[in-house]
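Notes follow once the structure below has been shown.
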Amino acid sequence: MRSDYWDQPAFETIRPRRLVAPVVFNSGHSGRVYPERFLAMTRLDHLSIRQSEDAFVDELFGRAPHLGAPMLRAHFPRAYLDVNREPWELDPTMFVEPLSDRFNTTSPRVAAGLGTLARIVAENKPIYRDRLTLDDARTRIEGIYHPYHTALQGLLSDAISAFGVALLIDCHSMPRIARSGDRAAPDVVLGDRYGTTCAPALVDLVETMFAGAGLKVARNRPYAGGFATRTYGRPQHGVHALQIEISRHLYMNEATLTKNDGFEAMQSLIERLIFALIGLDLMALASTPAAAEKAAAE
């Protein structure tokens, strides 16, 4: 089956003119190029199908390559393919053919309709008119998913080769979370799989920068980090991974998917965060908590 992206790139790596730091930014859910064949398969209108996008996140973090760190950016939308899942995390009810035991059909994500090929978008809206074929899955997973992760692994390997350490920042947005009792809803959620994928000092630094801008920051709840964070985050091997979820209401209208008056302020804050991260001595920071306190204060 011919790729739905035969005439355009499904994703791109934006490299800095000069690599100055071992930090890699990944925006795998901000794609907004919807292939015609995919749109013909969906029962949703164009605005509804976009509800699962991390809209504009690639733009919020877009200064990274200019400051010396690479960014991997999806052009394909999350509703089409989710690279923050296992490669074959599929819902058997979506396919004409039966799925063999080699597929992961029983994960909580599949049960929620949010597997590698999602069944629904936000508010439990089904995506497809009819069931898919396994060729649909293979085309997306073998043709796009695997090359995407090969590119991401390559960027992390380049960082390790050049600096001896790497930090993956997995960039996401989240729907506005409702306030819970007396507890304020978080504006930002940092996910490090409960302290297992990133040195605590690095998480402390990122939290300090967001909190210093007046934002409410939570850790690991409700988002502890997805497939990319848990797969690549291996601090014992010098690779740290941190997922950042930013509440969409801070920079966009969630209903119309348009930027609001807060967009430029959030973009500026994230630029300061990028600048701080690329200026770090990650080797020292990852091993010395005191260094994090010093970096956050500067």
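Which distance in Å, rounded to a whole number, links the C-alpha centroids of region 177-211 and region 56-80?
21
Tell me the label only: which of [x] 181; [y] 137; [z] 120 is volume of the Cα convex hull per residue in Å³ as calculated from this structure?
Only one listed value fits the structure, namely [y].
What is the packing order of peptides 51-62, 224-235, 262-273, taking the mean over residues of other C-beta atoms within 10 Å and listing the highest first?
By packing density, highest mean first, the sequence is 51-62, 224-235, 262-273.
Tell me which DSSP H helices of the chain clear both cut-offs, 15 Å or more of axial length from alpha-carbon atoms and a mean Kyte-Doolittle hydropathy of at least -1.0.
Answer set is 146-163, 200-212, 263-278.
Given Cβ point charges of +1 (Lys, Arg) and -1 (Asp, Glu) and nothing else, what value in debye, to the nearest 20, does the dipole of the chain about its Cα centre take?
Approximately 160 debye in magnitude.
Given the rule -39500 (n - 2.57) for each run of at least 4 DSSP H residues, summed and divided by the residues of the chain, what is its mean residue ellipticity at 222 nm, to the nearest 500 deg cm²/dmol?
-9000 deg cm²/dmol
Is region 30-161 best put as rounded, prolate or oblate by its Cα gyration tensor, with a ≥ b ≥ c the root eigenvalues, rounded for a/c under 1.5, and otherwise prolate when a/b is larger than b/c, oblate when not?
Values: a/c = 2.21, a/b = 1.43, b/c = 1.54.
It comes out oblate by the Cα gyration axes.
If each of ALA211 and LEU257 carries a label point 7 Å out from its Cα toward its Cβ, how far apart are those two points in nm?
3.5
Just so you know, all these numbers are worked out from the coordinates, no wet-lab data involved. In this text the structure is predicted, and so the values were computed from the model without any measurement. So basically every Cβ, Gly included, is an ideal-geometry build from the backbone, and we count neighbours across all protein chains shown.
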